[in-house]
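**Q** This is the structure, below, for whatever I ask next.
The values are calculated or read from the model by the stated rules, or taken from the named source; none is laboratory data. On a predicted model such as this, the values are computed, not experimentally measured, just so you know. Here the Cβ positions follow ideal geometry from the backbone for every residue, glycine too, while neighbour counts run over all protein chains shown.
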Amino acid sequence: MPKILLVEDNEMNLDMLSRRLERKGFDVVIAMDGSKGVDLAHEEMPDLILMDMSLPVMDGWEATRRLKADEATQDIPIMALTAHAIAGDRERCIAAGCDEYESKPVKFPRLLGKIQDMLGISDE
């Protein structure tokens with residue numbers, strides 16, 4: 001089963017997303033700040049990272065830059081999950097190293113479709 005690292009500091013979002021992803025068959029690992037997210041990415045080597053961009057300790061922008069600059073983690077796809085949804089925010093996320101972008105509030109069916117596309121799996 002594909003492993004997803006969910007880096008999110010909002011407990012309600014964390015609970016909702018992790019439960020729904022687990023029900024869809026994903027193994028979900030959780031970090032509540034960017035620094036822990038970077039550490040867990042190295043420890044767990046997930047198939048995909050869902051990265052909130054507004055995080056404590058180290059924000060998602062810096063965490064993404066560090067992961068993409070590191071040879072060990074640079075190939076792990078990262079999807080930005082962010083309330084930053086004004087013109088140019090998607091481009092800023094991509095420029096920081098994210099491979100995909102999803103605005104909050106998250107629409108789970110659309111998010112799931114993007115995850116499946118990024119992981120190359122079909123909807124069953």
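**Q** Residues that are surrounded by fewer than 19 Cβ atoms within 10 Å (Cβ to Cβ) and either out of contact with any Cys (no Cβ under 8 Å at 6 or more places or on another chain) or among the basic types (Lys, Arg) (or both): find the strands (runs of 3 or more DSSP E) completely inside region 15-124 holding 2 or more of those.
**A** Per the criteria, 27-31.
**Q** Could you run through region 1-25 and say how many residues are touching a helix residue (DSSP H, G or I) at 6+ places or on another chain (Cβ under 8 Å) and not aliphatic (A, V, I, L, M)?
**A** 5
**Q** I'm told Met12 meets every condition in (1) at pLDDT 95 or above; (2) surrounded by fewer than 17 Cβ atoms within 10 Å (Cβ to Cβ) except one. Can you identify the failing condition by its number?
**A** Condition (1) is where Met12 drops out.
**Q** Given the options Met1, Met51, name the one that is within 16 Å of Leu112 (Cα to Cα) and over 13 Å from the mean Cα position of the chain (by Cα).
**A** Numbers: Met51 fails: over 13 Å from the mean Cα position of the chain (by Cα).
The match here is Met1.
**Q** Limited to region 10-36, what total is found for residues that are among the polar types (S, T, N, Q), without any contact (Cβ under 8 Å) to a residue 60 or more places away in the chain and over 16 Å from Ile115 (Cα atoms)?
**A** 2
**Q** Would you call Val7 without any contact (Cβ under 8 Å) to a residue 40 or more places away in the chain and either among the β-branched types (Val, Ile, Thr) or surrounded by 16 or more Cβ atoms within 10 Å (Cβ to Cβ) (or both)?
**A** Here the answer is no, as Val7 does not meet what is asked.
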